[in-house]
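Here it is, the structure in full.
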Amino acid sequence: MIRHSRYRQRGEAAWRAGIQHELQFWDEYVRNQGGKWNEEYKRRMDPNLPLQPRPAALLPAGKRARILDVGAGPLRISAKCTTANASI
């Protein structure tokens, strides 16, 4: 139990140490409309972004699926709109 607690504390410390960098990155990303990643920014901001072909091919045929984009935040790169057989 103690060992697990130490690893968790180290992980949390690393996470906290990276917060400022993460905030700076996303602040600049939005302010500069993606900067050198402008095409990616446009896709992320598109409210009608469809589900990409690769994940769409993994959906079960004839069934409705629910997709959870874990950790994506407000500017996710996956689809933003539901399809006939998937809700995002």
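The values are calculated or read from the model by the stated rules, or taken from the named source; none is laboratory data. Since we're looking at a predicted model, the values are computed, not measured. Quick reminder, even Gly has a Cβ in these numbers, built from the backbone with ideal geometry, and neighbours come from all protein chains shown.
Select from segment 33-83 the residues that are within 20 Å of Glu22 (Cβ to Cβ) and basic (Lys, Arg) and list them in ascending order. It would help to see each step written out before you state the result.
First, pick out the residues of segment 33-83 that are within 20 Å of Glu22 (Cβ to Cβ): 33-37, 40-41, 44-45, 69-78.
Correct list: Lys36, Arg44, Arg76.
Condition check: modelled with pLDDT of 90 or more, more than 15 Å from Asn85 (Cα to Cα) and either touching a Lys or Arg at 6+ places or on another chain (Cβ under 6 Å) or exposed (fewer than 10 other Cβ atoms within 10 Å of the Cβ) (or both). Does Lys42 satisfy that? Let's see the steps before the verdict.
Values: modelled with pLDDT of 90 or more: yes; more than 15 Å from Asn85 (Cα to Cα): yes; either touching a Lys or Arg at 6+ places or on another chain (Cβ under 6 Å) or exposed (fewer than 10 other Cβ atoms within 10 Å of the Cβ) (or both): no.
No.
What tally of residues in segment 54-77 results from selecting those that are β-branched (Val, Ile, Thr), surrounded by 12 or more Cβ atoms within 10 Å (Cβ to Cβ) and within 8 Å of the chain's Cα centre (by Cα)?
Of segment 54-77, the ones β-branched (Val, Ile, Thr) are 67, 70, 77.
Next, from what is left, pick out any that are surrounded by 12 or more Cβ atoms within 10 Å (Cβ to Cβ): 67, 77.
Remaining after also requiring within 8 Å of the chain's Cα centre (by Cα): 77.
Of the residues in that region, 1 qualify.
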